Structures are given as structure tokens and as C-alpha cells.
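Chemist: Mind looking over this structure? Questions follow.
The values are calculated or read from the model by the stated rules, or taken from the named source; none is laboratory data. As the structure is a computational prediction, the values presented were derived from the model and not from experiment. Every residue, glycine among them, receives a Cβ derived from its backbone with ideal geometry; neighbour counts consider all protein chains shown. Just the protein is used for accessible areas: all its heavy atoms, side chains included, with ligands, DNA and RNA removed. Shrake-Rupley method; radii C 1.70, N 1.55, O 1.52, S 1.80 Å.
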Amino acid sequence: MKRCHVLIIVLLFLVLAGCSRPAQVAEEDTSLEQPPVETETIEVPEPEEVVDEEPVADVVEQKQMAIGGATDIKQENVTILSDIECEFGQEGPEKFSFKMTNTEEKKWVFNMLSYSARETSDTPILVLNALQVTNGQLSESCGTRSVAPGNEVVCDFDLESMSNRVTKRSLRTGETAMGNVNENTLSLRTSSHAAEIRFLCE
């Protein structure tokens with residue numbers, strides 16, 4: 001009887017020992033040190049910020065100007081302004097003249113106009129090299145205070161006159177500091193026309 005008991009205890013011990021053995025192996029397998037896995041660090045460059053640039057359209061220079069709310073403006077090249085003469089001497093400009101032709105239906109008047117007079121008349125604005133020529137200078141140089149429709153007048157500036165002192169200084173000749181030809185610009189505008197002409201002084 002005692003042998004049976006001992007045999008059963010031995011069998012139980014073996015069974016228990018057999019069951020616990022794989023568990024220990026499993027624990028040992030998991031506890032085994034594994035070599036560290038080498039990780040490669042890859043630097044990914046940040047994407048460059050792309051700025052959408054709006055396409056720049058070519059600027060087209062227009063010489064037409066709306067004066068006093070006028071919308072029907074015609075551009076004239078040389079029909080209103082022509083026959084420009086500009087001569088330089090050793091002391092500076094000696095002659096400046098041009099022809100002005102009224103191609104409109106309104107009379108050109110070289111003075112301020114009332115609202116009622118604007119229905120039949122207009123005041124031309126002349127600009128020489130960004131300097132506005134006054135109505136007094138026009139009356140003196142053109143020899144008249146008005147130009148009727150279809151008529152023309154030659155405006156000959158007395159450059160020795162005190163009233164034309166600034167005009168004389170604004171005329172250019174020769175070359176610029178950059179080596180370009182010194183051009184002059186004369187423009188005229190009314191409520192319905194805009195004209196510009198470039199010229200050289202000899």
C-alpha cells in the first residue's frame with residue numbers, strides 16, 4: 001500500500017515536473033536578450049513653401065485721359081500738335097515754337113470757363129516736360145486768347161521773357177547721365193482729346 005502511495009506521488013511529481021518544464025523554457029525563451037534592432041534615421045527635408053505668384057500682366061501705357069467726367073475721348077498723335085521748333089545756343093534754349101490745331105467742334109479758350117460756357121468752349125491744358133503751360137503764357141505766345149474750331153495757331157515762346165523763364169529752364173538737349181538722348185514731351189488735353197508729341201532740341 002505504501003508503495004502505491006509512493007508510486008502515485010512519484011508519478012504526480014513527474015507529471016508536475018513535466019508540465020512546469022515547458023513553462024520554464026517558454027519563460028527563458030522570452031527572457032533571452034535579443035540583439036537591438038538598428039534603426040536608420042532618415043531626415044526628410046521639409047517641403048519648400050511654394051508661394052503662388054500671380055502672373056504680372058504687361059502694363060499698357062495709355063495716353064487717353066478723362067477730364068470732367070468725359071468718357072468719349074479720342075487720342076490724337078500729331079494732328080493737334082505739330083511743327084515743333086526747338087533750338088539751343090551756347091547760353092541755352094533760344095527758340096521754342098509749335099503749331100496747335102483745333103480739331104474739335106468747341107472753341108478753345110485760354111482762360112477759365114463758366115459752366116454754361118463749357119457747352120460751346122473748352123480750355124486746352126498744355127504740359128511741357130511735366131510743367132503746365134499757363135493760360136497767360138499761351139495767350140502771349142500764340143498771340144490770341146482763343147482758337148476757333150478748324151483753325152490753327154503758331155505759338156512762338158519768347159524765351160527771354162520773365163513769364164517764360166521756367167519754360168526755358170525745362171527744355172532739354174544733349175544726353176542724360178545714362179547716355180540716352182534727352183527727349184522733350186509736349187502734351188495737350190481737353191475734355192474729349194489727348195495728344196502727345198516727343199521732340200528733340202538741336
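Chemist: Can you pull out the strands (runs of 3 or more DSSP E) entirely within the range 145-202 that have at least 2 residues that are more than 29 Å from the chain's Cα centre (by Cα)? Before you say what the answer is, go through the steps one by one.
Modeler: Values: elements: 152-157, 184-189, 193-199.
Those strands (runs of 3 or more DSSP E) span 152-157.
Chemist: Can you tell me which residues in the range 80-108 are open to solvent by 40 Å² or more (accessible area, probe 1.4 Å), within 22 Å of residue 197 (Cβ to Cβ) and among the charged types (D, E, K, R)?
Modeler: 83, 85, 87, 94, 95, 99, 106
Chemist: Filter the range 114-140 down to the residues that are touching a Lys or Arg at 6+ places or on another chain (Cβ under 8 Å) and crowded, with 18+ Cβ neighbours inside 10 Å and list them by number.
Modeler: 122, 124 - these are the residues of the range 114-140 that are touching a Lys or Arg at 6+ places or on another chain (Cβ under 8 Å) and crowded, with 18+ Cβ neighbours inside 10 Å.
Chemist: Of all residues in the range 168-193, how many are hydroxyl-bearing (Ser, Thr, Tyr) and closer than 18 Å to residue 98 by Cβ? Show your work before the answer.
Modeler: Pass one, the range 168-193, residues hydroxyl-bearing (Ser, Thr, Tyr): 170, 173, 176, 185, 187, 190-192.
From the residues that got through so far, the ones that are closer than 18 Å to residue 98 by Cβ too are 170, 173, 185, 187, 190.
Summing the residues that are hydroxyl-bearing (Ser, Thr, Tyr) and closer than 18 Å to residue 98 by Cβ in the range 168-193 gives 5.
Chemist: Mind checking which residues of the range 150-167 are closer than 13 Å to residue 96 by Cβ and not small (Gly, Ala, Ser)?
Modeler: Listed by number, the residues that qualify are 154, 155, 156, 157, 158, 159, 160, 164, 165, 166, 167.
Chemist: Here are some conditions: (1) of a type outside the set (A, V, I, L, M, F, W, C); (2) open to solvent by less than 20 Å² (accessible area, probe 1.4 Å); (3) farther than 23 Å from residue 91 by Cα. Residue 184 meets all but one. Which one does it not meet?
Modeler: It fails just one condition, (3).
Chemist: Give me the pairs, please: first residue somewhere in the range 163-184 and in contact (Cβ under 8 Å) with a residue 12 or more places away in the chain, second residue anywhere and surrounded by 10 or more Cβ atoms within 10 Å (Cβ to Cβ) and part of a helix (DSSP H, G or I), beta-carbon distance under 6 Å, and either six or more positions apart or on two chains.
Modeler: Close Cβ pairs satisfying both conditions: 163/137.
Chemist: Would you check if residue 111 is without any contact (Cβ under 8 Å) to a residue 40 or more places away in the chain, surrounded by 13 or more Cβ atoms within 10 Å (Cβ to Cβ) and over 24 Å from residue 200 (Cα atoms)? Talk me through it step by step, then tell me what you get.
Modeler: Numbers: without any contact (Cβ under 8 Å) to a residue 40 or more places away in the chain: yes; surrounded by 13 or more Cβ atoms within 10 Å (Cβ to Cβ): yes; over 24 Å from residue 200 (Cα atoms): yes.
It is true that residue 111 is without any contact (Cβ under 8 Å) to a residue 40 or more places away in the chain, surrounded by 13 or more Cβ atoms within 10 Å (Cβ to Cβ) and over 24 Å from residue 200 (Cα atoms).
Chemist: Being among the small types (Gly, Ala, Ser), surrounded by fewer than 18 Cβ atoms within 10 Å (Cβ to Cβ) and on the phi > 0 side of the Ramachandran plot, is that true of even one residue in the range 151-173? Steps first, please.
Modeler: First, the residues of the range 151-173 that are among the small types (Gly, Ala, Ser): 161, 163, 170.
Those left that are additionally surrounded by fewer than 18 Cβ atoms within 10 Å (Cβ to Cβ): 161, 163, 170.
Filter once more, keeping what is on the phi > 0 side of the Ramachandran plot: none.
Checked the range 151-173: no residue is among the small types (Gly, Ala, Ser), surrounded by fewer than 18 Cβ atoms within 10 Å (Cβ to Cβ) and on the phi > 0 side of the Ramachandran plot.
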